[in-house]
Amino acid sequence: MEQIMNLLNGDFVNQLTSGISKQTGASEAETQSVVSTAIPALLGALQNNANSTQGSEGILSALASKHDGSILNNLSGFLGSSDTADGNGILKHVLGDKRGALEQAISGKTGVSSGTVSQILAMLAPIVMGYLGKQSRSKNVSDGNGLNDLLGGLLGGQSGSNILGGLLDQNGDGKLGIDDVGGLLGGFFGKK
């Protein structure tokens, strides 16, 4: 998780937390808590979706056409716009009908209302995709194997299923059926 922790430290995350906090009305501490839980969850969902040819092609296409990393050059402008249409679209593709379950899980872990978690996720999704686009460009990622390697590196070698499974195992008993995780992950860009 070292790569993610690098992303979650410093000026970048301070600007991100501050901007999202102003838009959602959540405190900076609440926002930071949701962001630090949501980024690994979103990357985990992307990694699981990238495991299929259709999923990896969809992600690579989105990174090439729309999420090239330029959003990171004007983060304050994006965060000030309160435009969540792109983020909601990304979340629909990545999570499908399991978005609510993830929002509830993050809410349960952070103590932040699921409505606020939903707003934060919608603002965060294009930023995560932009970061992934920038990383994929700098590492010349052009296929599913390269994308999986990149996501695996960002997740510090952990699997997306383990990250999401741990988050969704609300009672901490370690029992989460593979069907639950598989159902949550859906098909990226294959499901509209």
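The values are calculated or read from the model by the stated rules, or taken from the named source; none is laboratory data. Here the structure is a predicted model, which is why all the values come from computation and not from measurement. All Cβ positions, glycine included, derive from the backbone under ideal geometry; neighbour counts span all protein chains shown. These accessible areas exclude ligands, DNA and RNA; they are computed on the full protein's heavy atoms, side chains included. Shrake-Rupley method; radii C 1.70, N 1.55, O 1.52, S 1.80 Å.
Could you say which residue among S52, S56 is over 13 Å from I120 (Cα atoms), of a type in the set (S, T, Y) and crowded, with 17+ Cβ neighbours inside 10 Å? Full working, then the answer.
Values: S52 fails: crowded, with 17+ Cβ neighbours inside 10 Å.
Going through S52, S56 in turn, the sole match is S56.
Within the stretch 92-114, at least one residue is over 27 Å from G144 (Cβ atoms), open to solvent by 60 Å² or more (accessible area, probe 1.4 Å), of a type outside the set (K, R) and in contact with a Ser or Thr (Cβ under 7 Å, 6 or more places away or on another chain).
Of the residues in the stretch 57-70, at least one is assigned to a helix (DSSP H, G or I) and in contact with a Ser or Thr (Cβ under 6 Å, 6 or more places away or on another chain).
Mind telling me which of the residues G165, G177, G152, G160 ends up being open to solvent by 30 Å² or more (accessible area, probe 1.4 Å), at pLDDT below 90 and not basic (K, R)? Can you show your working first?
Details: G165 fails: open to solvent by 30 Å² or more (accessible area, probe 1.4 Å); G152 fails: open to solvent by 30 Å² or more (accessible area, probe 1.4 Å); G160 fails: open to solvent by 30 Å² or more (accessible area, probe 1.4 Å).
On inspection, the qualifying residue turns out to be G177.
Going by the conditions given, is D86 part of a helix (DSSP H, G or I), of a type in the set (D, E) and either in contact (Cβ under 8 Å) with a residue 24 or more places away in the chain or within 21 Å of N145 (Cα to Cα) (or both)?
So D86 fits the description; yes.
Taking every residue in the stretch 130-147 that is open to solvent by 70 Å² or more (accessible area, probe 1.4 Å) and pairing it with any residue that is small (G, A, S), at least 6 positions away or on another chain, the pairs with Cβ-Cβ distances below 8 Å are K134/G69; R137/G69; K139/G146; N140/G146; D143/S56.
Close contacts from the stretch 1-27, counting a first residue that is surrounded by 12 or more Cβ atoms within 10 Å (Cβ to Cβ) and a second that is modelled with pLDDT of 70 or more and small (G, A, S), with Cβ to Cβ under 6 Å and a gap of 6+ residues or different chains, come to M1/G156; Q3/G153; L8/S36; Q23/S82.
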